[in-house]
Amino acid sequence: MQAILRKLGIEAVNPGGFGGEWIGSGDKLTSVSPIDGKPLAEVKQVTEAEYERIAARAHEAFLKWRSVPAPVRGETVRRLGNALREVKADLGALVTLEMGKILVEGEGEVQEMIDICDFATGLSRQLYGLTIQSERPGHRMFEQWHPLGVVGVISAFNFPVAVWSWNSALAAVCGDATLWKPSSLTPLTAIACTKIAERVCRDTGADPAIFSLAIGRGSTIGERLLHDRRLPLISATGSCAMGYRVGAIVGERLGRTILELGGNNAIIVTPDADLKLAIPAILFGAVGTAGQRCTSTRRILVHESVREQLVQKLVSAYKQVRIGNPMEKSTLMGPLVEPKAVEDMMKAVVRVKEEGGKVLCGGEKLSGDKYPGGCYVTPCIAEARNDFRIVQEETFAPILYIISYKTFEEALALHNGVPQGLSSAVFTRNLLEAEEFLSCRGSDCGIANVNIGTSGAEIGGAFGGEKETGGGRESGSDSWKTYMRRQTNTVNYSTALPLAQGIKFEL
């Protein structure tokens, strides 16, 4: 563990702020590993005065960075991707140590960072506008996109590095700076990433403050960031409750937001489903990252004719899940992120029973020498109804609700009958059902899949959801436009001045 921390520049005590230089003199924050409950290192959080210094430097860096040609900005991002390649194993292991996801998922998250850097590098030569036909003779009308400013990035514990890269890589090629406030549960991964970005910027001659960092309490540093008018865009990943607050505060100052909030993702399993595909997709979607993904599978809507067969196979598969230390390659599910997450899961299991549901397997807290730290559980499958209050909420834990349906129309109504709208899937070999699921009458989610699960979105597609999930889009497609400001331009290359709408104005 100590060797991994040293390689990534993590000391016993670390300053928690960066704006061209490392600062931090506030209260100490201890990063504790959910693997065994032991401390990893300490971070000196930034004070409000230090936040001010960091934000000012980030804005100063933006004013210079916006004038750098986009392909040159892309070169810095390309080198960032290469630097991440060199530390993929170590940074992935730190993700595992600090957050608890298994090693292959930790390294997979770093690979997402590498992939988005590649994507953004290519994008740096394609920040295109449009030429539009003018109604006035001798005029050319077009649109172009300009850098926006400093982007505030608020990330959650479950993807402690990937979400930052989705935002910072795109923002950087668009000419923006970023100011990152990570989760207080995963500060060390944020420091490690910022140090990597700092080294790259110094090598390329870019101002390192384009990748700024402020680790601190949400009640102080978080609030300062949300109210800061120097940050025209806030990209926030977290719970729906957090999103309501972010949206209200930033909206009050007419700022922009990218909100990536909770999911209550369902898979419809039809009579025509290939269960050899559906079972592993459900298992990974519900148990991967110990159910702590916003795209985790929460609900299975299964046709009554195949319900018994599906449940039998799922319960058998769940009993084969190897739970334990995520640093061991044989482990399939590690711990939840902290003891409070375990408490929340246990309360949810109780509520399912109180509302009339039935636990089919799992849902227990694990203890003993094999499970130190108090964060290990068995993944749970529960029989439930869609209208249970607990089912309508998102419990960030490995709880899977089994809900039966009779008609495909009913399945779609159940699917859409929750406040969230992030990811969704249907397993069917019936073309009509598949196409209806993808139609305007089908899934109301931002992501809709056929014969693959809800978890594991690719960076090439815009990521995000609808309804209480917030409506934001990150990563691929044309999501880069959110990080820029659009400008419409008209050039008169004639010797006359025709006015719009045929108005005559003569002196």
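Are there GluC sites (Glu not before Pro) in region 1-102 that DSSP puts in a loop and that have at most 14 other Cβ atoms within 10 Å, and which ones?
Numbers: sites: E11, E21, E42, E48, E50, E52, E60, E75, E86, E98; in loops: E11, E21.
Of the GluC sites (Glu not before Pro), the ones in loops of region 1-102 whose Cβ has at most 14 other Cβ atoms within 10 Å are E11, E21.
Rounded to the nearest 20, the Cβ-based charge dipole of region 159-260 about its Cα centre (Lys and Arg +1, Asp and Glu -1) stands at 200 debye.
What a 1.4 Å probe finds exposed on region 1-142 is 52% carbon and sulfur by accessible area, rounded to a whole percent.
Alpha-carbon geometry of region 405-507: the Rg and the Dmax are 22.5, 76 Å, given in that order.
Specify whether the C-alpha gyration tensor of region 270-372 places it in the rounded, prolate or oblate class, a ≥ b ≥ c being the square roots of the eigenvalues: rounded for a/c under 1.5, otherwise prolate if a/b is larger than b/c and oblate if not.
Numbers: a/c = 2.06, a/b = 1.38, b/c = 1.49.
Oblate, because a/c is 1.5 or more while a/b does not exceed b/c.
Modelled spin-label separation between N430 and Q111, with each label point placed 7 Å from Cα along the Cα-to-Cβ direction: 3.5 nm.
Report, in whole Å, the centroid distance computed from the Cα atoms of region 352-371 and region 435-507. When both Cα centres are located, 44 Å separates them. Can you pull the percent of region 426-507's accessible area that's carbon plus sulfur, 1.4 Å probe, other chains left in place? So the carbon and sulfur contribution to the accessible surface is 52 percent.
Karplus-based coupling profile of region 471-478, in residue order and whole Hz: x, x, 9, 10, 6, x, 6, 9, with θ = phi - 60° in 6.51 cos²θ - 1.76 cosθ + 1.60 and x standing for Gly or Pro. Converting phi to 3J(HN,Hα) with the Karplus coefficients 6.51, -1.76 and 1.60 and the offset θ = phi - 60°, region 442-459 yields x, 4, 9, 8, x, 10, 9, 10, 10, 6, 9, x, 7, 9, x, 6, 8, 6 Hz in sequence order, with x at every glycine or proline.
For region 325-402, which GluC sites (Glu not before Pro) pass both filters: DSSP loop (anything but H, G, I, E, B) and at most 15 other C-beta atoms within 10 Å? Let's see the in-between values first.
Numbers: sites: E328, E343, E354, E355, E364, E383, E393, E394; in loops: E328, E355, E364, E393, E394.
Those that pass, being in a loop and sparsely packed, are E328, E355, E364.
Restricting region 458-503 to chymotrypsin sites (Phe, Trp or Tyr not before Pro) that sit in a DSSP loop and have at most 16 other Cβ atoms within 10 Å of their own Cβ leaves Y493.
Protein chains only, probe 1.4 Å: how do K353, K319, K181, K467 rank by accessible area, largest first? Each step should come with its number before you reach the end.
Working: K353 120, K319 160, K181 20, K467 90 Å².
Ranking K353, K319, K181, K467 by accessible area, largest first, yields K319, K353, K467, K181.
Between the listed residues L332, L366, A317, the Cα displaced farthest toward the positive end of the dipole of region 312-367, a dipole computed from Cβ unit charges relative to the Cα centre, is found at A317. Residues in region 162-233 average 23 Å² of solvent-accessible surface per residue, probe 1.4 Å, ligands and nucleic acids excluded. Projecting the Cα atoms of F18, V269, Q392 onto the charge dipole of the chain, computed from C-beta unit charges around the Cα centre, puts F18 farthest toward the positive end. Pairs over the 24 Å Cα-Cα cut-off, from the set K44/K481; K28/K340; K313/K406; K44/K64: K44/K481; K44/K64.
Tell me the per residue accessible area of region 396-507 using a 1.4 Å probe; a whole number in Å² is fine.
On the way: 5750 Å² over 112 residues.
It amounts to 51 Å² per residue over region 396-507.
Calculate for the chain the 222 nm mean residue ellipticity that helices alone would give, adding -39,500 (n - 2.57) per DSSP H run of length 4 or more and normalising by residue count, nearest 500 deg cm²/dmol. Result for the chain: -11500 deg cm²/dmol, rounded to the nearest 500. Contact order, relative form, for region 427-499: 19 percent (alpha carbon pairs under 8 Å, 6 or more residues apart, mean separation divided by residue count). R202 contributes about 130 Å² of solvent-accessible surface, heavy atoms of the protein only, 1.4 Å probe.
Residues of region 257-317: accessible area per residue at 1.4 Å, in Å²?
Ligands and nucleic acids excluded, the result is 29 Å² per residue.
Taken over region 32-169, the percentage of Cα pairs per 5 Å bin, counting from 0 up to the bin with the maximum distance, is 2, 9, 12, 15, 15, 15, 12, 7, 4, 3, 2, 2, 1, 0, 0.
Stretching H139 away from S316 to a fully extended chain increases their span by 56.7 nm, per 0.36 nm per residue minus the current alpha-carbon distance.
The values are calculated or read from the model by the stated rules, or taken from the named source; none is laboratory data. Quantities reported herein were computed from a predicted structural model and do not represent experimental measurements. We place every Cβ from the backbone using ideal geometry, glycine too, and count neighbours over all the protein chains shown. Heavy atoms of the whole protein, side chains included, go into the accessibility calculation; ligands, DNA and RNA do not. Shrake-Rupley method; radii C 1.70, N 1.55, O 1.52, S 1.80 Å.
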